[in-house]
1. Under 20 °C and 1.002 mPa s, how fast does chain B diffuse according to Stokes-Einstein, given a Kirkwood radius computed over C-alpha pairs? Answer in µm²/s, whole number.
2. Based on the Cα coordinates of the range A:55-154, what is the per residue volume of their convex hull in Å³?
3. Under Stokes-Einstein, with the Kirkwood radius over Cα pairs standing in for Rh, what whole-number D in µm²/s applies to the protein assembly as shown at 4 °C and 1.567 mPa s?
4. Multiply the residue separation of B:Ser73 and B:Ala48 by 0.36 nm, subtract the distance between their alpha-carbon atoms, and state the gained length in nm to one decimal.
5. Would you grab the residues whose amide H sits under 5 Å from the one on A:Glu113? Only those 5+ places off in sequence or on another chain, please, with H modelled 1.01 Å from N.
6. Chains B and A: buried accessible surface, both sides, probe 1.4 Å, rounded to 100 Å²?
7. Go through the cysteines of the protein assembly as shown and tell me which have no other cysteine Cβ under 4.7 Å away.
8. Averaged over B:22-28, how many beta carbons belonging to a partner chain fall within 10 Å of each residue's beta carbon?
Amino acid sequence: MSDLPNSFQDDPHEHRHHHHDHPHDPEPPGLPDDSLVLERALRELLIEKGVFGADELRAAVEAMEARGEALGARIVARAWTDPAFEALLLNSPMEAISAFGLTMGVNELHVVENTNSVHNIVVCTLCSCYPRTILGIPPAWYKSRAYRARTVREPRAVLAEFGLLLPDTMEVRVHDSTADLRYLVLPRRPEGTDGWSEEALALLVSRDSLIGVAEARRPSAVGGP
Amino acid sequence: MSRFAVGDRVRVRDHVHTGHRRTPLYIRRRTGEVVRVAGCFLNPEQLAYGSTGLPGVTLYRLRFAQRAVWGDSYAGADADTIDIEVYEHWLEPAAEAVT
C-alpha cells in the first residue's frame, strides 16, 4: 500500500536538497512513538470502563476509512456543470454540502477555487486538520512534518515535487487551516470535457486535486466518457 | 461585535502565551489583510483545558504576501500569498504596531 502520489512511485528522483525531507515521507522510522502507547492505554481504559464498545470503535474507524475521494469528486463535478451550485458551494459551502446529506459538525467547510490566475494548496502546520467528513483519513504525507513545514515556506518547491509546475504569473495561495475551518480545493475543469456527464467528470477529480497538490486529471488519463 | 472588518490591515501580536495556542510562530509580527470575518468560535485556548471556551472569540481569515512573511529568501512569485485564520485577541491594527 502506498500513499505516494503517482508521479513519485516510479521516479528515482534526484535529491538536490539533501537537507530537505520529501513532502510525501511519513515520519522517519526508529523514533519512539509515545502517542501510540498513549492511544492504546486510553482506548483500552475507555472500553474497560464501558464508555464505548470495541465493536463501536471498529465500526467508527471503518466508516472513516470508507470515505475517499468519491464524495468530493461528485461535489466538484456538480460545481463544474451547475453554475448556481458552484456559486452556492463558494459562498455557502455548508448549505451546498447538505444537499449531499453531509454535515460537518463543529468545523466549517470553506471551498477555495482554482482559477487561471490562482492555485490553492491546503496544509495544517499545527497538526493535520483536514476535511475528514468529506475526504476521510488524510494521506500519510499530508501529516508528515516535511509537508507541514515546507508547504507554507516553499509551496512551489513542494508542488514541483508532486509534479506540478506553475508559472510565476500565477499566484500560489497557501491555506493553513489553523483553527475551526476546513478547506477543500475546487480544481479547474480540464479542457476537452465539454458535454461530459457529472459521472464522467467525477472520475477526473482526484483526492490530491482536492488538497491542491495536483490538478484534476486530464481526459486522456481516463480514456474519455 | 467584531473589532476588524474585511479590508483592514492587521498585525499579528507576538505576546508571550503559555499553554495551548493556535497562532503559529511564523506569522507573528507579520502584517496582513482581513479577507473574511469567519464568525465567533469557542476559544480553543480555554477549551484545551476543559473550560467552556466562553466568551467566544471572533476568528478572522487573513491574507499575507509570502514576501512579507518570509522576506527576500522566499523563493516564489511576488504574487504568492498565504491565508491563515487568527483569533481576534492575537491581532492589533497595523497602524498601531510598534516595529
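1. Details: Rh = 14.2 Å.
Rounded, D is 151 µm²/s.
2. Working: hull volume 12.6 nm³, N = 100.
Per residue, the Cα convex hull of the range A:55-154 comes to 126 Å³.
3. Working: Rh = 21.4 Å.
Translational D for this selection: 61 µm²/s.
4. Values: separation 25, 0.36 × 25 = 9.00 nm, distance 3.54 nm.
Full extension of this stretch gives 5.5 nm more.
5. Result for A:Glu113 returns A:Leu186.
6. Working: alone 6050 and 13070 Å², together 17040 Å².
Looking at B and A, the buried total is near 2100 Å².
7. A:Cys127, B:Cys40
8. Values: counts 5, 3, 5, 1, 5, 4, 0.
Across B:22-28, the average partner-chain Cβ count within 10 Å equals 3.
The values are calculated or read from the model by the stated rules, or taken from the named source; none is laboratory data. Everything numeric here is computed off the predicted structure, so don't read it as measured data. Cβ: placed from backbone, ideal geometry, glycine included. Neighbour counts: every protein chain shown. These area figures cover heavy atoms from the full protein model, side chains too; ligands, DNA and RNA do not enter into them. Shrake-Rupley method; radii C 1.70, N 1.55, O 1.52, S 1.80 Å.
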